[in-house]
1. Out of 33, 80, 53, which single residue is in contact with a helix residue (DSSP H, G or I) (Cβ under 7 Å, 6 or more places away or on another chain) and outside any helix (DSSP H, G or I)?
2. Inside segment 24-39, can you point out the residues that are charged (D, E, K, R) and open to solvent by 70 Å² or more (accessible area, probe 1.4 Å)?
3. Please determine, by comparing only the residues of segment 1-50 that are under 19 Å from residue 78 (Cα atoms) and of a type in the set (Gly, Ala, Ser), which one is modelled with the highest pLDDT.
4. Residues of segment 1-23 being touching a Pro at 6+ places or on another chain (Cβ under 9 Å) and in a helix (DSSP H, G or I), which ones?
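The values are calculated or read from the model by the stated rules, or taken from the named source; none is laboratory data. Being a predicted model, the structure only gives us computed values, none of them experimental. Every residue, glycine as well, gets a Cβ built from its backbone with ideal geometry; the counts of neighbours run over all protein chains shown. For the accessible areas, the whole protein counts, side chains as well, though only heavy atoms, and no ligand, DNA or RNA atoms are used. Shrake-Rupley method; radii C 1.70, N 1.55, O 1.52, S 1.80 Å.
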Amino acid sequence: ATLQQAIDAAQAAFPAWRNTPPAKRAQVLFRFKQLLESNEARLVQLISEEHGKTLEDAAGELRRGIENVEYATAAPELLKGEYNR
């Protein structure tokens with residue numbers, strides 16, 4: 001049931017997200033990054049419990065996830081497509 005709820009929520013959110021300007025998307029992702037960082041200890045604990053990872057491994061996994069969000073936050077700048085000769 002949880003997987004279907006996630007799919008349904010994603011499908012319901014997609015039309016509005018598709019029409020959200022890149023700069024606003026970056027703001028949302030930046031807030032998501034802040035939430036990940038401010039809840040790091042709890043998230044690491046949950047990852048460890050869920051996947052049987054050591055806390056160190058779980059922390060590394062979370063850090064890689066945060067790095068991916070940071071990259072996505074920069075997407076509007078990357079989409080500008082500036083060209084330097």
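1. Going through 33, 80, 53 in turn, just one is in contact with a helix residue (DSSP H, G or I) (Cβ under 7 Å, 6 or more places away or on another chain) and outside any helix (DSSP H, G or I): 53.
2. Selection gives 24, 25, 31.
3. 26
4. 22, 23
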